[in-house]
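Novice: Sending over a structure as structure tokens; questions will come in a sec.
The values are calculated or read from the model by the stated rules, or taken from the named source; none is laboratory data. Not measured: the values here are computed from a predicted model. Here the Cβ positions follow ideal geometry from the backbone for every residue, glycine too, while neighbour counts run over all protein chains shown. For the accessible areas, the whole protein counts, side chains as well, though only heavy atoms, and no ligand, DNA or RNA atoms are used. Shrake-Rupley method; radii C 1.70, N 1.55, O 1.52, S 1.80 Å.
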Amino acid sequence: MILDGIAWVDCFAFLLFLAPQLIFHVGIFRTAICGIRALPFLLLRLPYELIKERYWLSRTSRSPFVQQCTPFQDLVIRCVRYAFAKIPASIGKVFFSKWVALPFIKFRMLRHGILKSPIFWREVDQVGLRGLYIVHDVACRPDIIVYYCHGGGFSMGSSYFYLEFLMVWISLLKEAGYSNPAVFALEYTLVPEGTYPTQVQQTLVGYKYCLQIVEDSNRICVSGDSAGGTLILSLMLCLSNYSSLKKQMPGVAILISPWTMVISPKNQNTSSDYLSAESLELYGRQYLGSKATAKDSLASPGQCEDFAWWKRASPSKGWFFIYGAEEVFAPGIKDTIRLITKSGAEVSQHEEVGWIHAWPVVRLFLCNDRRERCRGLKSIVDFTRSRIGPKTAL
Ligand SMILES: *[C@@H]1O[C@H](CO)[C@@H](O)[C@H](O)[C@H]1NC(C)=O
Ligand SMILES: *[C@@H]1O[C@H](CO)[C@@H](O)[C@H](O)[C@H]1NC(C)=O
């Protein structure tokens, strides 16, 4: 199931679902204060900067991202940049939560005339493990499973917010010839309610859950974006330290704009990305808490310079990194790729000029044309197919 891009009516519906949740979880007073504080940005700075950077500056002095993006994308990304830097995470949490994202995707399906999703999903809620299991045909064993950790700076985000993205992923795997693709998306504890190593432990429990679903660990593709990418990198380092699990490494690991170095001077603002280095540092410190330092390999995997460990921690069929040339994390990602490559492991990458943070995820919502919307995911599925092909093709 691949729905059309976001239309204005979707934006309106989203706000309609969001407002009562904000009032309920944040309170009418604090929500109103936040809205009033945003007015100077919305009424003055946003239109001024948009017009200046899009239309006054010569084409060559605009960032590659601004040169390529549509006015709608430009507008949304500028708002997201403001929100990430200025709006407290308690509000961001509500924005990305199940109670907004679930009615939103139901609304979008309904708008496309779909009453019942053709792709099955159910919540997993066990002691020590929460998540979303999504599968093409629930009656059969999957022939491939994507184990996904969502992003959101460790402080916001939910599997439900990624549900549409993950369903498109399943649809593309199906088109690529897999008979029954599945996804398990982990619902880990966010900061400040939980800090490191809670999230890494939960990621490990989620991986063991996936091991029970497929018959062969080579048919697991571990993946995550942003902070979810951090968790997947930590998971790989962690798995390789257990004698029982190091024989059950996943087939491939796909990192979408991973936050490889949680606190690092390498994470610097860029002119077009929506992440802000200061907010990242704040969320990063909250994640590390009192049990880890910025140099701790298991907490901030980009800091691990032990080649033998990386070699051991590598998936059986290789790594794939996909990220934007203009994103805040690009320097850290490149360093991490260099490190892992030096260890002798197999690393592929797709770096794209004109892309900003987590663009394969974001573009699904902000592009119109179906091919454009799926482009990041297509690259991911092509890589997967080249490494762990569909069983019928073996
Ligand atoms: C895992 O293995 C690495 C490298 O062999 C070692 O440096 C590290 O301390 C180990 N970590 C844990 C938590 O056992
Ligand atoms: C980084 O960008 C954010 C907005 O996204 C801004 O608030 C912050 O001041 C910038 N920091 C620096 C050092 O320029």
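Novice: Express the accessible area of the chain per residue in Å², computed with a 1.4 Å probe while the remaining protein chains stay in the model.
Specialist: It amounts to 43 Å² per residue over the chain.
Novice: Next question, about the same structure. Taking the highest mean first, how do the peptides 89-99, 196-206 order by number of other beta carbon atoms within 10 angstrom per residue? Mind showing how you got there, number by number?
Specialist: On the way: 89-99: 18.2, 196-206: 20.4.
Highest mean packing first, the order is 196-206, 89-99.
Novice: Relative contact order for segment 119-387: what percent, with Cα pairs under 8 Å and sequence separation of 6 or more? Before the final figure, lay out the partial values.
Specialist: Working: 564 pairs, mean separation 48.8, N = 269.
The value is 18 percent.
Novice: Which percent of the accessible area of the chain is formed by carbon and sulfur heavy atoms (probe 1.4 angstrom)? Let's see the in-between values first.
Specialist: Details: 9990 of 16820 Å².
Accessible surface attributable to carbon and sulfur in the chain totals 59 percent.
Novice: If you average the C-alpha positions of segment 81-132 and of segment 223-289 separately, how far apart do those two centres end up, in angstrom?
Specialist: Answer, in whole Å: 22.
Novice: For a paramagnetic label modelled at 7 Å from the Cα of Ile36 toward its Cβ, which residues of segment 86-101 fall within the zone defined by backbone nitrogen distances under 19 Å?
Specialist: 86-88, 91
Novice: Let me ask you something else. May I have the extent of the alpha carbons of segment 119-387 along their three principal axes, as whole Å values ordered from largest to smallest?
Specialist: So the three principal-axis extents are 48, 46, 38 Å.
Novice: When Lys and Arg each count +1 and Asp and Glu each count -1, what net charge do the other residues less than 14 Å away from Ile333, Cβ to Cβ, add up to? Intermediate values should be presented prior to the final figure.
Specialist: Numbers: positive: Lys266, Lys334, Arg338; negative: Asp225, Asp273, Glu326, Glu327, Asp335, Glu351, Glu352.
That sum, taken over residues with Cβ under 14 Å, equals -4.
Novice: While we're here: Helix 28-40 versus the longest principal axis of the chain: what is the Cα-based angle in degrees, 0 to 90, to the nearest 10?
Specialist: Relative to the chain, helix 28-40 is tipped by roughly 70 degrees.
Novice: Obtain the nm distance between the two label points defined at Leu282 and Phe12 by a simple spin-label model: each point lies 7 Å from its Cα along the Cα-to-C-beta direction.
Specialist: 3.4 nm
Novice: Tell me, what is the percent relative contact order of segment 293-394, built from C-alpha pairs under 8 Å that lie six or more residues apart?
Specialist: Answer for segment 293-394 is 26 percent.
Novice: Follow-up. By DSSP, what percent of the beta bridges with both residues in segment 119-387 are antiparallel, rounded to the nearest 5?
Specialist: 30 percent
Novice: Using just the C-alpha positions of segment 281-391 as equal point scatterers, what log10 of I(q)/I(0) does the Debye formula give at each q in 0.23 1/Å?
Specialist: -1.25
Novice: Please get the size of the charge dipole for segment 273-394, origin at its Cα centre, with Cβ charges of +1 on Lys and Arg and -1 on Asp and Glu, quoted in debye to the nearest 20.
Specialist: Charge dipole of segment 273-394: 700 debye, to the nearest 20.
Novice: Then there's this: What percent do you get for the relative contact order of segment 8-94 when only Cα pairs under 8 Å and 6+ apart count? The partial results should precede the final answer.
Specialist: Numbers: 23 pairs, mean separation 33.8, N = 87.
After rounding, I find 39 percent.
Novice: Need one value: the accessible area of Glu53 in square angstrom, 1.4 angstrom probe, rounded to the nearest 10.
Specialist: 50 Å²
Novice: OK, next. What distance in nm separates the simple spin-label points at Asp4 and Glu346, each placed 7 Å from Cα in the Cβ direction?
Specialist: For the pair Asp4/Glu346, the computed spacing is 4.2 nm.
Novice: Now a separate question. For segment 8-94, compute Rg over Rh where Rg is the Cα radius of gyration and Rh is the Kirkwood radius from the inverse mean 1/r over Cα pairs. Walk me through the numbers before you get to the answer.
Specialist: Working: Rg = 15.2 Å, Rh = 14.6 Å.
Reported Rg/Rh, Kirkwood definition of Rh: 1.04.
Novice: Once the piece of chain linking Asn269 and Gln201 is laid out straight, how much longer is it, given 0.36 nm per residue of separation minus the C-alpha distance between them?
Specialist: Difference between extended and current length: 21.4 nm.
Novice: Something else now. Given Trp355, Ala313, Ala325, which one lies farthest toward the positive end of the charge dipole of segment 310-383, if we put +1 on the Cβ of every Lys and Arg and -1 on the Cβ of every Asp and Glu?
Specialist: Ala313
Novice: Sequence gap of 8 or more, or different chains, plus Cα separation below 25 Å: how many lysine pairs satisfy both in segment 252-394?
Specialist: Total qualifying Lys-Lys pairs in segment 252-394 comes to 17.
Novice: Could you calculate the contour length gain from Glu305 to Thr293, that is, 0.36 nm times the residue separation minus the distance between their Cα atoms, to one decimal place in nm?
Specialist: Gain on extension, Glu305 to Thr293, equals 2.8 nm.
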